[in-house]
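The next block holds one structure in the form of structure tokens; read it before the comments.
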Amino acid sequence: MVVCDTILKERMNARLLGCGGEDVVQTTVVLAHGFGANQSLWEKLVAHLVGDDHDERKLSVMLFDWSFSSAIKDPDVFDPLKYSSFDAFVEDLVALLDEMKLSSVVFVGHSISAMIGCLASIKRPDLFKKLFLIGVSPRMSKPTRNHFRLVSKPGQTYLNSEDYNGGFEMEQIEQILTAIETNFQAWASAFAPSVLDSKDPSSVDKFKESLSELRPEVALKMAKIIFCTDLRGTLEEVRVPCTIVQTTNDLVAPTSVAYYMQKKMTNAPSVNVEIIEADGHFPHLTNTNTLAEILDRALVEA
């Protein structure tokens, strides 16, 4: 393990696993968890990436926890004023990679982290060799007719169209936000099994435990950011090769989103879509072997 004693690294629980010398590392894979999760949810994939059977690949793996994660024990780390949009998370990611002296990484982002990675690659393309996006969605809700929405660039508007299915109706999102605000624990207990394959109860329990440990006010703040942000207008600015991975039955991100993103990422050198025949939003937990095979191919191409 490579040790780096700096404040940001410690604040985000960042650590490097795998090859210990910079002279032998060929690729660094950065694993970024999603909402309600923490870095421990990557443990199955980490075992594949840095296990004894793969020493010859000379990989290092960076793990960390976002400020909203339940693994962050200091309540002051999550500043609700600072973390009011994707921008602050992009700044954290860029700063962390710089601090760890990493560049040209293969970024594996799950859910919200996938879009954070896209935005970070627009800001600092030198830091990213490839984006590997799992369960990604630039907008969670389905557009309504003739509705305009402000996107990330000041002054820029995006005309919603009927060719986009984000997975949720606005009424459903309002119900989710109300449920989180009124009884977070009850909502977390119901939400976890709805986004994982019920045939894998241990994975359901693992995510439910992580999700339930969130502070309710943090969960509500993050849910508003995730469900109420439209980042579709940024897709054409991505200029890094991408692999988008979706399962066939994902409540959060329908397969149509992957193909929508592939169509809109017109300036990326390549955008490959990989569909896993499975249920749920967490293939790194429930379909690790299949996901690992797809990631292996992406690493060869990177």
- Query: Given H placed on each backbone N at 1.01 Å, which residues far from GLU274 in sequence or on other chains put an amide H within less than 5 Å of it?
  - Reply: ILE244, VAL245, GLN246
- Based on the Cα coordinates of the chain, what is the per residue volume of their convex hull in Å³? 124
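Under a Cβ-Cβ cut-off of 12 Å, what is the net charge of the residues other than VAL30 that fall near it, where Lys and Arg count +1 and Asp and Glu count -1?
Numbers: positive: ARG15, LYS129, LYS130; negative: none.
Summing Lys/Arg as +1 and Asp/Glu as -1 gives +3.
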- Message: Using each residue's phi in region 276-281, evaluate 6.51 cos²θ - 1.76 cosθ + 1.60 at θ = phi - 60° and report the 3J(HN,Hα) Karplus result to the nearest Hz, with x for Gly and Pro.
- Response: 9, 6, 6, 9, x, 9
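Tell me, what is a quarter of the convex hull surface for the C-alpha atoms of region 254-302, in nm² with one decimal? Mind dumping the intermediate values first?
Numbers: hull surface 15.1 nm².
Approximately 3.8 nm², given one-decimal rounding.
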- With a 10 Å radius around each residue's Cβ, average the other Cβ atoms per peptide and rank 110-117, 221-228, 82-89, highest first. 110-117, 221-228, 82-89
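Which whole number of Å³ per residue matches the convex hull of the alpha-carbon atoms in region 178-302?
Numbers: hull volume 14.5 nm³, N = 125.
Per-residue hull volume (Cα only) is 116 Å³.
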- Residue-normalised accessible area of the chain, expressed per residue, 1.4 Å probe, Å²: 43
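Here are some pairs, LYS9/LYS263; LYS44/LYS129; LYS58/LYS199; LYS58/LYS82; which of them have Cα atoms lying more than 32 Å apart in this structure?
Working: LYS9/LYS263 36 Å; LYS44/LYS129 23 Å; LYS58/LYS199 35 Å; LYS58/LYS82 37 Å.
Pairs exceeding 32 Å: LYS9/LYS263; LYS58/LYS199; LYS58/LYS82.
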- Message: Looking at the chain as a GNM with Cα springs under 10 Å, which of PRO269, PRO241, PRO216 has the largest mean-square fluctuation?
- Response: PRO269
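Roughly how many percent of the accessible protein surface of region 236-302 is carbon and sulfur, given a 1.4 Å probe and a whole-percent answer? Mind showing how you got there, number by number?
Details: 1180 of 2790 Å².
Answer for region 236-302 is 42 percent, counting heavy atoms of protein chains only.
The values are calculated or read from the model by the stated rules, or taken from the named source; none is laboratory data. These numbers come from a predicted model, not from an experiment. Cβ: placed from backbone, ideal geometry, glycine included. Neighbour counts: every protein chain shown. Keep in mind that these areas ignore ligands, DNA and RNA; they rest on the heavy atoms of the full protein, side chains included. Shrake-Rupley method; radii C 1.70, N 1.55, O 1.52, S 1.80 Å.
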